[in-house]
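**Student:** Below is one structure. I have some questions about it.
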């Protein structure tokens, strides 16, 4: 079976460096065996599905099997810890969720430092987050909702999310800060459960990612009041952004990436990132991502690291302002 190695320029450069240092090792092509990608959440979840789509696109290009293994637990940190401790040769990687930049602010005694112990390879797809109410809710737009919230005692209004420390939980904090209101958080075990709580009239609103909410919005069961993007989304072109409605700075998404252990050779990181870009550029792949309510991004290693660093700082400040306590 043919195998795609790292580029000729990379091999020659590595060989020259070895000769200059007196080393006699021969650069080894990647991959030389099965590639394993760990996902820190259960099978069938959006992180799992997005990672499997990426793997499907990569397999024909690398000429090796890619095995996805789900190691759920600790908000994805169990899988991240295993990858961080693996050999930095590109054969064990992490299907990295956007929550990796939130976890340091909401959990104690983490097994790794996400910025020091992981090498980001790419952020390959993203799904914007939205604020949703029941279809027949009296508030027809965001301004009406904020006015109604301000007329009530603090935390009188409760909102649903898919869990403590998720991107949508922190998005609620952004809305509170921008609007000058306080709400009460009711976390659920899944995005679908949180949305159904609003459909059933148990809670007045929910914050969710588009990939989870889109079917419910399209069916007319719920209504989106705002989308947390810089400009309107192609998925929901009729839903105004928060900026449009006077709440500046409310920008939130659920992104999906790929990372390896710290210390991976830079040429290898760049090579894998380039292959991910090629996989995501395929029209059929883009269509399948769109069906999930996600779109390709293509942030390379350096851009992905900068985004992670920025988000870790931002979410730490936001979690502190929201009074979120670190849990085990």
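**Student:** Does residue 132 qualify as being over 15 Å from the mean Cα position of the chain (by Cα), at pLDDT 95 or above and surrounded by 24 or more Cβ atoms within 10 Å (Cβ to Cβ)?
**Tutor:** yes
**Student:** Another question about this same structure. Can you find a residue that is buried (at least 18 other Cβ atoms within 10 Å of the Cβ) and modelled with pLDDT under 95 anywhere in the stretch 320-328?
**Tutor:** Checking the stretch 320-328: at least one residue is buried (at least 18 other Cβ atoms within 10 Å of the Cβ) and modelled with pLDDT under 95.
**Student:** A further question on this structure: Being under 18 Å from residue 127 (Cβ atoms) and buried (at least 22 other Cβ atoms within 10 Å of the Cβ) is the filter; apply it to the stretch 260-295 and report the residue that is modelled with the highest pLDDT.
**Tutor:** 276
**Student:** If you go through the stretch 150-190 one residue at a time, how many are over 23 Å from residue 97 (Cα atoms), crowded, with 21+ Cβ neighbours inside 10 Å and modelled with pLDDT under 95?
**Tutor:** Residues flagged as over 23 Å from residue 97 (Cα atoms), crowded, with 21+ Cβ neighbours inside 10 Å and modelled with pLDDT under 95 within the stretch 150-190 amount to 0.
**Student:** Also: Which of (1) surrounded by 14 or more Cβ atoms within 10 Å (Cβ to Cβ); (2) modelled with pLDDT of 95 or more; (3) out of contact with any helix residue (DSSP H, G or I) (no Cβ under 8 Å at 6 or more places or on another chain) is the odd one out, the single condition residue 193 does not satisfy?
**Tutor:** Result: residue 193 fails condition (2) only.
**Student:** From (1) on the phi < 0 side of the Ramachandran plot; (2) surrounded by fewer than 22 Cβ atoms within 10 Å (Cβ to Cβ); (3) modelled with pLDDT of 95 or more, pick out the condition that doesn't hold for residue 231.
**Tutor:** Of the numbered conditions (1) on the phi < 0 side of the Ramachandran plot; (2) surrounded by fewer than 22 Cβ atoms within 10 Å (Cβ to Cβ); (3) modelled with pLDDT of 95 or more, the odd one out for residue 231 is (3).
**Student:** Answer with yes or no whether residue 257 is under 24 Å from residue 99 (Cβ atoms), in contact with a helix residue (DSSP H, G or I) (Cβ under 7 Å, 6 or more places away or on another chain) and surrounded by fewer than 22 Cβ atoms within 10 Å (Cβ to Cβ).
**Tutor:** Spelling it out, it is not the case that residue 257 is under 24 Å from residue 99 (Cβ atoms), in contact with a helix residue (DSSP H, G or I) (Cβ under 7 Å, 6 or more places away or on another chain) and surrounded by fewer than 22 Cβ atoms within 10 Å (Cβ to Cβ).
**Student:** Got a sec? Which of 45, 76, 98 is surrounded by fewer than 20 Cβ atoms within 10 Å (Cβ to Cβ) and at pLDDT below 95?
**Tutor:** 45
**Student:** With respect to the numbered conditions (1) at pLDDT below 85; (2) at positive phi; (3) part of a helix (DSSP H, G or I), which one is the sole condition not fulfilled by residue 22?
**Tutor:** Of everything listed in (1) at pLDDT below 85; (2) at positive phi; (3) part of a helix (DSSP H, G or I), residue 22 misses just condition (3).
The values are calculated or read from the model by the stated rules, or taken from the named source; none is laboratory data. Keep in mind that what you see is a predicted model, and the values were worked out from it rather than measured. Quick reminder, even Gly has a Cβ in these numbers, built from the backbone with ideal geometry, and neighbours come from all protein chains shown.
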